[in-house]
Amino acid sequence: MKKRLLVSALPALALSVALGTAQAGETLDAVKGKGFVQCGVSTGLPGFSVADDKGNWAGLDVDVCRAVAAAIFGDASKVKYSPLNAKERFTALQSSEIDMLSRNTTWTLTRDSNLGLNFAGVNYYDGQGFMVSKNLGVKSALELDGASVCIQAGTTTELNLADYFRANSMKYEPITYDSSDETVKGFEAGRCDVLTSDQSQLYALRIKLSKPGSAIVLPEVISKEPLGPVVRQGDDEWFNIVRWSLFAMINAEELGVSSANVDKMKSSKDPGIRRLLGLEGIKGQGLKLSDDWAYNIVKQVGNYSEAFERNVGQGSRLKISRGLNALWNNGGIQYAPPIR
Amino acid sequence: MSTFERGPDLPPPVTQVGVIGWLRRNLFSSWLYSFLTLLALYLVWIVVPPVINWALLDASWSGTAREDCTSDGACWVFVSVRFNQFMYGFYPEAQQWRVNIIYGTLFLLMTPLFLKAFPWKTALGGFIIFVYPFIAYGLLDGAWFGLEVVETTRWGGLSLTLILAGVGCVAALPLGIILALGRRATDMPAAKSLCVIFIEFWRGVPLITVLFMSSVMLPLFLPEGVQFDKLMRALIGITLFQSAYMAEVIRGGLQAIPKGQYEAADALGLGYWKKTGLIVLPQAMKIVIPGIVNTFIALIKDTTLVLIIGLFELLGMIQNALNDPNWLGYATEGYAFTALTFWIICFSLSRYSMRIERKLHTGH
């Protein structure tokens, strides 16, 4: 038995460690004790997590970390960032090196069930898309029969592409590259008609073109890549805090509360807004947070729309349109359960 | 009978002397060489002017934002805006004097080592190798001296590159000597096989695997609640890895010492340690200086691999900067800058090693 334990596969080991460390309430106490949230982020992904020239981290993923810090401490700056590689991100979480992971991580069954992790929500609905040169005159991906396609090798992107073209009985010629920079150069040099990658990345790749205006991103999305914050399994209290910090941002947008008007909104008569800002209803009780936890998030980080536009949307260079990430009542699928 | 009168010496034909002569001899001595010369000239002509145009003449040098890069050439604004970060990583700007002090004092401490007349070289060398790293760590981290604590996650840039390479080399050298001696200790089979296994294991795995193990697997094996700093894990991995290479380099030196030297030492009645310390090692180390510097230069460049475990040394810092939405698309400038920086460091090291070799060359 002992021998078998020793040679057991890594996932099982990871699971046992993860289960061993996370107990309800433990993470929140530890975080409060040390005075900051240790948040795992990407080592650099345009618009999602990147350090500016002063060394401050910013991005849509980073804003989730800041929201959690604002909810717990009333101070969004009480976050320390651990830049993580895609391979080490789950280990870092399982071994308690970080308290939460907010690193463009796709929510899948395998990860949710096998790794001892819980996905707390979706802060960006991503999916694979296509970028074509404007003078190709293509308006939809269904017109791409026979096209040559630039892809990064070794990604699920390649498989999704094959599925999509086969399902629509179209032909294509794949041209694979090793890094995103090479892919862009290949596209620019005319080696291929189409470049495919996750949509959030396509916009960043487009900026790398010498004439960004010469290419367009097609509307089709051919795969589901819901990205969201992750916590260790087993500490439900911490899970709730991370999950509702994200929901508070989405709810605030829905209710029209932003960092600019949140103080004025305190005198609003709308019961939904009053519940969000902790003036009535359950307040911070169930989450074991102060009553103004959501107020602090909106005041210091902003609502979801503000975070989106600032980091990846119209306020940034990426200029990603809301698309799927618009609110449910606005043509998208971002939907948060009500605070009541 | 007419007498033979010696006329004045004629100058050699112009095609044999001067510039033309030299050209004919060296570059156009046959059809093949003429062709190769012209081909090389053509290649230089198509490569060099565009590079100079791009990097120097057409480049944008001053400014603060992407908009200042209006010309067709390189955008060095990207590098100058981020220069501080490339050097110090995320180390807080107000605390960067600590990094400067460490490198400044290290430089000052090392200068006497190069003066012939300085008497306490061994003591100073020992201090630099065994004591100074702890002082440097204390100052960088800050906790021991009551300064603001700067966690290792915020160390970065070129200063981190030098820390990784410096610690890796300094710590690997004594370890490598022990391993090399152990591997040659035929009268101690247990110690010998241990050293052989160690060396062959660490030499057989790629550094990237070692780093991955240290950052992905090791935390899972540690007991609950025990955190082990990521930089420290990487440093230990690099040191063990490097010591295996160092051991083999030094073993080469040990083997080059003639048997007579060992026998002479034995004849003088020296014990093992005296024989090794006074006769064998000083000669062996002198022989392997090029090899040591060679592995050290390789290590400096290998440190860039730590970017895969999320440590931001120079190259990692540059890759992070390249992902800033404000600076997307300046990869060429970033990588050119990295290459130049590494080249300067490695080239100065190799010149330095040649200097030491000349100085220590006493001839056998």
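Most exposed first by the Cβ proxy, i.e. fewest other Cβ within 10 Å, how do A:Ile216, B:Ile250 rank? Please list the in-between numbers first.
Working: A:Ile216 16, B:Ile250 26.
Fewest-to-most Cβ neighbours within 10 Å comes out as A:Ile216, B:Ile250.
Charges at C-beta only: +1 for Lys and Arg, -1 for Asp and Glu. How large is the resulting dipole of the protein assembly as shown about its Cα centre, in Debye rounded to 20? It would help to have the intermediate numbers written out before the result.
Details: 63 positive and 59 negative charges, 348 e Å.
Value, rounded to 20: 1680 debye.
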Cβ-isolated cysteines (cut-off 4.7 Å), chain B:
B:Cys169, B:Cys195, B:Cys346
From the Cα gyration tensor of the stretch B:26-149, with a ≥ b ≥ c the square roots of its eigenvalues, which class applies: rounded if a/c is under 1.5, or else prolate if a/b is larger than b/c, or else oblate?
oblate
For a quick check: with amide H placed at 1.01 Å from N, whose amide H comes under 5 Å from A:Ala147's, ignoring anything fewer than 5 positions away on the same chain?
A:Glu173
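Treating only the Cβ of Lys, Arg, Asp and Glu as charged (+1, +1, -1, -1), what charge dipole size does chain B show about its Cα centre? Round to the nearest 20 debye. Numbers along the way, then the final one.
Details: 25 positive and 22 negative charges, 301 e Å.
Roughly 1440 debye for chain B.
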For the stretch B:145-179 versus the stretch B:199-266, the gap between their alpha-carbon centres in whole angstrom:
15 Å
Below 8 Å, C-alpha to C-alpha, sequence gap of six or more: please give me the relative contact order for chain B in percent.
17 percent
Amide hydrogen neighbours beyond the local backbone of A:Gln152, cut-off 5 Å, H modeled:
A:Tyr177
Exposure proxy ranking, count of Cβ atoms within 10 Å, fewest first, for A:Asp236, B:Asp9:
B:Asp9, A:Asp236
Anisotropy class of the stretch B:156-360 from Cα gyration tensor, a/c 1.5 cut
oblate
Under a Cβ-only charge scheme (Lys and Arg +1, Asp and Glu -1), can you give me the dipole magnitude of chain A about the Cα centre, in debye to the nearest 20?
380 debye
Output the 0 to 90 degree angle, nearest 10, between the alpha-carbon long axis of helix A:60-73 and the longest principal axis computed from the alpha carbons of chain A.
0 degrees
For the protein assembly as shown, with the dipole built from +1 on Lys and Arg beta-carbon atoms and -1 on Asp and Glu ones, taken about the Cα centre, which of B:Gly104, A:Gly33, B:Ala256 lies farthest toward the positive end?
B:Ala256
Using just the helices of chain B, give the 222 nm mean residue ellipticity in deg cm²/dmol: DSSP H runs with n ≥ 4 each add -39,500 (n - 2.57), and the total is spread over all residues, rounded to 500.
-20000 deg cm²/dmol
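Once you have the alpha carbon radius of gyration of the stretch A:120-233, what is it after dividing by 2.2 N^0.38 Å, with N set to its residue count?
Working: Rg = 14.3 Å, N = 114, 2.2 N^0.38 = 13.3 Å.
Expressed relative to 2.2 N^0.38 Å, the Cα Rg reads 1.07.
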I want to check the label-to-label distance for A:Asp291 and B:Thr37. Put each point 7 Å from Cα in the C-beta direction and report it in nm to one decimal.
9.2 nm
Dipole axis of chain B (+1 Lys, Arg; -1 Asp, Glu on Cβ), positive-most option in B:Gly329, B:Ser34, B:Phe83:
B:Ser34
State whether the protein assembly as shown is rounded, prolate or oblate according to the following rule on the C-alpha gyration tensor (a ≥ b ≥ c being the square roots of its eigenvalues): a/c under 1.5 gives rounded; otherwise a/b larger than b/c gives prolate, and the remaining case gives oblate.
oblate
Would you mind estimating how fast chain B diffuses translationally, via Stokes-Einstein at 37 °C and 0.692 mPa s with the Kirkwood radius over Cα pairs, in µm²/s?
131 µm²/s
Based on other C-beta atoms within 10 Å, arrange B:Met285, B:Met188 from fewest to most.
B:Met188, B:Met285
Which whole-number percent gives the relative contact order of chain A, counting Cα pairs below 8 Å spaced six or more residues apart?
21 percent
Given charges at Cβ of Lys, Arg, Asp, Glu: the stretch B:139-195 dipole, positive-most of B:Ala165, B:Leu140, B:Trp155
B:Ala165
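How high is the relative contact order of the stretch B:85-171, given as a whole-number percent (alpha carbon pairs under 8 Å, six or more residues apart)?
On the way: 62 pairs, mean separation 41.9, N = 87.
RCO, the stretch B:85-171: 48 percent.
Each reported figure results from applying straightforward, stated rules to the coordinates on display, with no laboratory input. It should be emphasised that the depicted structure is a prediction, and the values quoted were computed from it without experimental measurement. Note that we place each Cβ from the backbone using ideal geometry, even for glycine, and neighbour counts take in every protein chain shown.
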